[in-house]
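Read the structure below first, then the notes.
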Amino acid sequence: MQKWASTNGVAWQFIEPGCPAQNAYVERFNGTFRVEVLDANRFQTLRDAREQIAHWIPIYNEQRSHKAIGNLPPMVFKQRWQERQSLLSIGSA
């Protein structure tokens, strides 16, 4: 794994011992992915798994509400955030 990471420019980062909150977003995603995709489907082939995952990702990002961001889908949250940022930059000009 370390060889693959090095070849592909991926840097390893570890959380500090006793600081699980540093990894909370990833752990939340992993748990949701496990329940909504891995546990909910019986994949017949690797291709089947890839297709199901590819189908789920846009739903997760564009339709599914996320409690941590006010029960909005991430894309809606991002759009609203960008709109606020542009209004702030106009107001400070």
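The values are calculated or read from the model by the stated rules, or taken from the named source; none is laboratory data. Note that the coordinates shown come from a computational prediction; the quantities given were computed from them, not determined experimentally. Cβ sites come from the backbone with ideal geometry, for glycine too, and all protein chains shown count toward neighbours.
Can you find a residue in the stretch 24-41 that is part of a loop (DSSP other than H, G, I, E, B), modelled with pLDDT of 95 or more, of a type in the set (A, V, I, L, M, F, W, C) and more than 17 Å from the chain's Cα centre (by Cα)?
The first filter runs over the stretch 24-41 and keeps only residues part of a loop (DSSP other than H, G, I, E, B), leaving 39-41.
If we keep only those that are modelled with pLDDT of 95 or more too, we end up with 39-41.
Now narrow it down to the ones that are of a type in the set (A, V, I, L, M, F, W, C): 40.
Now drop any that are not more than 17 Å from the chain's Cα centre (by Cα), which leaves 40.
Taking every residue of the stretch 24-41 in turn, at least one turns out to be part of a loop (DSSP other than H, G, I, E, B), modelled with pLDDT of 95 or more, of a type in the set (A, V, I, L, M, F, W, C) and more than 17 Å from the chain's Cα centre (by Cα).
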request  = Among what's in the stretch 42-93 and is outside any loop (DSSP other than H, G, I, E, B) and of a type in the set (S, T, N, Q), pick the residue that is farthest from ALA24 (Cα to Cα).
outcome  = SER89
task = Can you work out which of the residues in the stretch 11-23 that are exposed (fewer than 11 other Cβ atoms within 10 Å of the Cβ) and part of a helix (DSSP H, G or I) is modelled with the lowest pLDDT?
result = PRO20
request  = Select, from ASN71, ASN61, the only residue that is surrounded by 12 or more Cβ atoms within 10 Å (Cβ to Cβ), of a type in the set (S, T, N, Q), closer than 18 Å to THR32 by Cβ and at pLDDT 90 or above.
outcome  = ASN61
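Just to be sure before I move on: is ILE69 touching a helix residue (DSSP H, G or I) at 6+ places or on another chain (Cβ under 6 Å) and within 26 Å of MET1 (Cβ to Cβ) in the structure I sent?
Working: touching a helix residue (DSSP H, G or I) at 6+ places or on another chain (Cβ under 6 Å): yes; within 26 Å of MET1 (Cβ to Cβ): no.
When the stated conditions are applied, ILE69 does not pass them.
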task = Could you please tell me which pairs satisfy a Cβ distance under 7 Å, a separation of 6+ or placement on different chains, a first residue in the stretch 33-58 that is closer than 22 Å to MET75 by Cβ, and a second residue that is acidic (Asp, Glu) and assigned to a helix (DSSP H, G or I)?
result = TRP56/GLU36
ask   = Out of (1) at pLDDT below 90; (2) exposed (fewer than 11 other Cβ atoms within 10 Å of the Cβ), the odd one out for GLU83 is which?
value = (1)
